[in-house]
Number of protein chains: 2
Amino acid sequence: MRIAELSRTAGVPVPTIKYYLREGLLPAGELTSPNQARYGEVHERRLRLVRAMVEVGGMTIAAVRDVLAALDDPDKSLHKSMGTVEVAIAPVVPPTDDEVAQRQGEEFVARQGWQHRPNSPAFKALVRVLATAREIGHPEFAEELDEYARVGLTLGELDVAYVLRMPSKDEALEGVVVRSFLSDAAVAAVRRLARRELSARHSGEEDPGSRSDGADLEPGLEC
Amino acid sequence: MRIAELSRTAGVPVPTIKYYLREGLLPAGELTSPNQARYGEVHERRLRLVRAMVEVGGMTIAAVRDVLAALDDPDKSLHKSMGTVEVAIAPVVPPTDDEVAQRQGEEFVARQGWQHRPNSPAFKALVRVLATAREIGHPEFAEELDEYARVGLTLGELDVAYVLRMPSKDEALEGVVVRSFLSDAAVAAVRRLARRELSARHSGEEDPGSRSDGADLEPGLEC
C-alpha cells in the first residue's frame, strides 16, 4: 500500500508517518519509483505499536527508539529485552539525597528477599516517592510498602506469564512492551474506578464525577 | 521567614516560588514593607505539596490549581474532594471509537457490580487502554481485567483507610492527594522491581539493568 493508505489504515497522519520514517522508528518502504514507496503489514503493525507507545505510554521518541532496537535485536533474550524496555520506559525522576527514604527502600527490598538493584530506575523511583511522602509530611506512606509488594508480585506474575505464552518470539517481545506500559495505565485506571466505588459506598454520597451532576468534571477531560 | 529562607527550607528556587505566587498556587505572604513579605509554616507545607504534585505527579499548573481549590474549600466533603482530585490528576487520553473496547470496559464494570460511570476519566482511560491493546494485536490483554479488579480493590481499600485515619480534615484531604498520585508511582515502581525479580528467577540470567554490567542502562536515567 502507499503511504496515504497506510495512514488511513493505521489512523496516523501522513506527516507523522514521515516523521517516524525520518527518525528511524519505521523501516523504509520498498521503493517503486524514485518518489514512491510501498508499505506492507510489517509497517502497519510497527506503526500501531509506535503510536501506542507515544500516545498511551507517553514515551519520548528516544525511548521508543531504544525499545524498538531491543525488539529488533535477534540475539537479545527475552529477559534482556525486558530489562531494556523497563529502563526505556521508566519515568525520569529527580534524584534525592534523603537517606531515610533510601534506607526505607533498601529495607523494603531486603524484607522481600529481592536482589538489591540500587541503580535501577525502578528502585530510584521508589526512593523518590518515599522521599516525597516524607517531605510533604506523610511518612506513614512507607508503612504500606509490604502490601504493595504483594500486589506487585501478583501483577508481575501476570506479566511474565502473559509474555511467556505468546506463540512467537516477536509477539513475546511485543508483549513485553504491551505489559510494560499498557498495564500500568490499566492498573491506574482500574484502581481509580475501585477507589471511587469504595469512597461512594463509604460516604453514601452521590458520585461527584458522573455526567448527571457534572460540576466536578473538568471540561477538557470530557472528550 | 523571607522568601530566600523559604526557598532554602523547601528546596525550591526563588523564581519558581514567585511563579507559584503569581499563579495563585501559594497564598501571598504577610507584607512587612512594600517590597517584602513574610512566609510561615503554612507556605512551606503548601510549597512542598505543590512541588510534589508537579515533580512527582507530573501535574500541570491548571490541575494543581483544581486540587488546591478542592483542598481549600471547607464545604467540600472528603468524597467530593477525592472526586475532584481524581478528575484533576487523570491522564488526558485521546478518545477512541472502538466499540468492542467500550463493551469490554462496560462488561468489566458490570461483572464487578460497580456503578457504571461512562464519562469518568478513569473509565475512559481504561477503554483507551483496551482499544490500544486490540489495535496492536494483543486482544488477550482484556482477559485479565478481573485480576486487575482484585488488585484495584486491595489498593483502593488501602487508599480509603489511609485517608480516613488521618487525624484532621486538612491532613485527610492532603492524604487524598498523596494517595492519588504518589501511590500510583509507588505501585508502578514496586511492580517493576517485582517483574525484574521474577524475570531474573525465571530466566536464570544476570540482571540486565544493574550497575555491574551497565550496558543497558540509559545514561540519562542513572542520576
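Taken together, the values in this text are just the output of simple stated rules run on the coordinates, not laboratory data. Predicted, not measured: the structure shown is a model, and the values here were computed from it. Cβ: placed from backbone, ideal geometry, glycine included. Neighbour counts: every protein chain shown.
General observations
- Only helices enter the 222 nm calculation for chain A: every DSSP H run of n ≥ 4 contributes -39,500 (n - 2.57), and dividing by all residues gives -19000 deg cm²/dmol, rounded to 500.
- Principal axis dimensions, segment A:16-90 - Cα atoms, whole angstrom, descending: 41, 27, 18
- Under a Gaussian network description of chain B, with springs only between Cα atoms under 10 Å, the residue in B:Glu86, B:Glu55, B:Glu197 that fluctuates furthest is B:Glu197.
- Relative to the longest principal axis of the Cα atoms of chain B, the long axis of helix B:121-135 lies at roughly 40 degrees.
- Relative exposure of A:Thr84, B:Thr32, B:Thr154, judged by other C-beta atoms within 10 Å (fewest first): B:Thr32, B:Thr154, A:Thr84
- Sequence-distant residues sharing a close amide H with A:Ala37 (under 5 Å, placed H): A:Ile3, A:Thr32
- The mean sequence separation of alpha-carbon pairs under 8 Å and at least six residues apart, normalised by the residue count of segment A:91-148, gives a relative contact order of 42 percent.
- Net charge in the neighbourhood of B:Phe141 (other residues with Cβ under 9 Å of its Cβ; Lys, Arg +1, Asp, Glu -1) is -1.
- Which of A:Ser168, B:Ser7, B:Ser203 has the fewest Cβ neighbours within 10 Å, and the rest in rising order: A:Ser168, B:Ser203, B:Ser7
- In chain B, the beta-carbon sitting nearest the axis that superposes B on A belongs to the residue given here with its distance in angstrom, B:Val151, 3.
- What you get for chain B, charging only the Cβ of Lys and Arg (+1) and of Asp and Glu (-1), is a dipole of about 920 debye around the Cα centre.
- Just checking the listed ones, A:Met166, A:Met53, A:Met82: in the Gaussian network model of chain A with Cα springs under 10 Å, the one fluctuating most is A:Met166.
- Net lengthening on full extension, B:His116/B:Ser77 (0.36 nm per residue, minus Cα-Cα): 11.9 nm
- Across peptide B:104-114, the average count of Cβ atoms from other chains found within 10 Å of a residue's Cβ is 2.
- Neighbouring partner chain Cβ atoms per residue of B:67-79, average, 10 Å criterion: 2
- Equivalent ellipsoid semi-axes - Cα gyration tensor, segment B:1-131, angstrom: 40, 15, 10
- The value of relative contact order for chain B, using C-alpha pairs under 8 Å at least six residues apart, is 14 percent.
- Folded to 0 to 90 degrees: helix A:145-164 orientation relative to chain A principal axis, Cα: 20
- Where only alpha carbons of the protein assembly as shown are counted, the Rg and the Dmax (Å): 22.8, 76
- Within segment A:91-148: Cβ-based charge dipole about Cα centre, in debye rounded to nearest 20 (Lys, Arg +1; Asp, Glu -1): 320
- Proportion of all alpha-carbon pairs of chain A beyond 33 Å (%): 34
- Legend: calculated FRET efficiency, B:Asp97 to A:Arg45, from the Cβ-Cβ distance at R0 = 30 Å, rounded to 0.05, equals 0.90.
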